[in-house]
Amino acid sequence: LEVGGEIIEEASEHKILGVTVDNLLKWDEHIYGKNGVLSSINQRIGILKRLSFHIPKMYLPKIGTAIVSSKVRYGLCIYGSTVRMKEDDILTTQQRDLQIALNKAMRVVAGKRLSDRVSIKDLCQITGMMSVNHVTAIDRLNLTWNAMRDVSSPLNGLFNVQPGCEDRVSRSRKRGDIRPSAKTTVGQRNLPHSAVTLWNDCPDPKIKSYCGATKIPKSHIRTFVESLPI
């Protein structure tokens, strides 16, 4: 590509606002690369362990959320894999590795060991920290809801395409579904298609009734997400 007489060479990946995007949108470099998400999380877990010896246990959940969960959550609605809707849905390697790292942090916060055999669900309840799957679902529903409501959002056109024909009201349009626009395999794995699919699969009409609302229905989104697999 030549711009202004200068040759611009294509790079295999590029960091944009803390998120490393590669040519195929596989997110491996962002998660596993040098200074990637997993590397940063493991460093923060070490800090959390050291703090746990000097800080009262009651404060650890807030600290764990602030220094570990926040790192996982940043950009997760973009780089996170497809949300698992059922227990038998495929758990990707990226989801598994991120959840394993988050589990380590939750055990530090809860004062538990791996040998204690505490389930992930119980760890989430004890610490107040959400699983990777739940955080991905919440962030994508929030993003979709806001993009559909805000006509000035650059994502509005992607999340406001009604299904069916203009001259009749289809069942999917009545439910408040969005027409998927992704055509390629890469597009179907990533935003916005993954968020559109989640939105369409959401059964709660109060979440989809965004028109005229002034605040996002957080309690309804939280209730729906809690019904999903950890």
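The values are calculated or read from the model by the stated rules, or taken from the named source; none is laboratory data. A quick note: this is a predicted structure, and the numbers were derived from the prediction, not measured. Virtual Cβ from ideal backbone geometry, glycine too; neighbours counted across all protein chains shown. The protein model used for the area step is the full one, side chains on, heavy atoms only, and it has no ligands, DNA or RNA in it. Shrake-Rupley method; radii C 1.70, N 1.55, O 1.52, S 1.80 Å.
On the accessible surface of the chain, probed at 1.4 Å, how many percent belong to carbon and sulfur atoms?
Values: 7550 of 13780 Å².
Summing carbon and sulfur atoms, their accessible area is 55 percent of the total for the chain.
Show me, for the stretch 12-21, the HN-Hα J-couplings you get by feeding each phi into the Karplus relation (A = 6.51, B = -1.76, C = 1.60, θ = phi - 60°), rounded to Hz, glycine and proline as x.
6, 8, 8, 8, 10, 6, x, 10, 8, 9
Would you calculate the separation in nanometres between label points at N160 and A11, each defined as 7 Å from the Cα along the Cα-to-beta-carbon direction?
Distance between the two pseudo-spin positions: 3.3 nm.
Taking 30 Å as the cut-off for C-alpha to C-alpha distance, list the pairs among K15/K86; K71/K121; K174/K218; K57/K208; K86/K112; K86/K206 that go past it. Show your work: numbers first, answer last.
Numbers: K15/K86 33 Å; K71/K121 20 Å; K174/K218 22 Å; K57/K208 39 Å; K86/K112 28 Å; K86/K206 22 Å.
Listed pairs above 30 Å: K15/K86; K57/K208.
Please compute the length gained on full extension between S181 and D28, using 0.36 nm multiplied by the number of residues separating them and subtracting their Cα-Cα distance.
52.6 nm
Please list, short to long, the whole-number percent of alpha-carbon pairs of the chain in consecutive 5 angstrom bins beginning at zero.
Per 5 Å bin, starting at zero, the Cα-Cα P(r) for the chain comes out as 1, 6, 12, 15, 17, 15, 12, 9, 6, 4, 2, 1, 0, 0 percent.
For the pair L114/D97, report the inter-label distance in nm, with labels modelled 7 Å from Cα in the Cβ direction.
In this crude spin-label approximation the distance works out to 1.7 nm.
For the chain, what does the helix formula give at 222 nm: sum of -39500 (n - 2.57) over DSSP H segments with n ≥ 4, over the residue count, nearest 500 deg cm²/dmol?
Numbers: 13 runs with 110 residues, N = 230.
Calculated mean residue ellipticity at 222 nm is -13000 deg cm²/dmol.
Enter the accessible area per residue of the chain (Å², integer; probe 1.4 Å; all protein chains in place).
60 Å²
For K104, which aspartates and glutamates qualify as cross-link partners when the Cα separation must be under 19 Å and same-chain residues fewer than eight apart are set aside?
D116, D122
Name the most mobile residue of T82, T197, T185, meaning the one with the largest mean-square fluctuation, in a Gaussian network model of the chain with Cα contacts below 10 Å.
Of T82, T197, T185, the Gaussian network model singles out T185 as fluctuating most.
What order do D88, D28 take when sorted by accessible area (1.4 Å probe), most exposed first? Walk me through the intermediate numbers first.
On the way: D88 120, D28 70 Å².
Greatest to least solvent exposure: D88, D28.
Among the complete DSSP H segments of the chain, which ones combine at least 18 Å of alpha-carbon extent along their axis with a mean Kyte-Doolittle hydropathy of -1.0 or more? The partial results should precede the final answer.
On the way: long enough: 37-52 (22 Å, 0.40); 93-110 (25 Å, -0.18); 132-149 (26 Å, -0.14).
Correct list, ordered by number: 37-52, 93-110, 132-149.
Once the Cβ-Cβ distance between D88 and D150 is put in as r, and R0 is 35 Å, what FRET efficiency do you end up with, to the nearest 0.05? Kindly include the intermediate steps, with their values, before the conclusion.
Details: r = 36 Å, r/R0 = 1.03.
FRET efficiency, D88 to D150: 0.45.
Which loop-located GluC sites (Glu not before Pro) does the stretch 1-95 contain, where loop means any DSSP state but H, G, I, E or B and the Cβ has at most 12 other Cβ atoms within 10 Å?
Working: sites: E2, E6, E9, E10, E13, E29, E87; in loops: E9, E10, E87.
Answer in residue order: E9, E10, E87.
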